[in-house]
């Protein structure tokens, strides 16, 4: 049985942020899968762009980050009991987010 693939549709970053490398937060224990989800994001003028990537493997440490700290957060689907807390932190710390079953 194959694993369902996530459908990813991300909007480009605004031009005011284009002067710096986008900050990305990857949340979950399987970091190689999360990195693969970033393939092709973002592209500016047909070129790949460097990303500043940070990994976190638990929900508790999300409380330590400031508002709008990241341009994108990619999260492995949280456990039911952690979902509300994680989504609350995601909407506070990231401008865009993706929750995946990876």
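Between residue 55 and residue 85, the contour length at 0.36 nm per residue exceeds the Cα-Cα span by 9.0 nm. Between residue 35 and residue 69, the contour length at 0.36 nm per residue exceeds the alpha carbon distance by 10.4 nm.
Read the figures in this text as sums done on the coordinates, not as results from a lab. All figures in this text were calculated on a predicted structure; none of them were measured in a lab.
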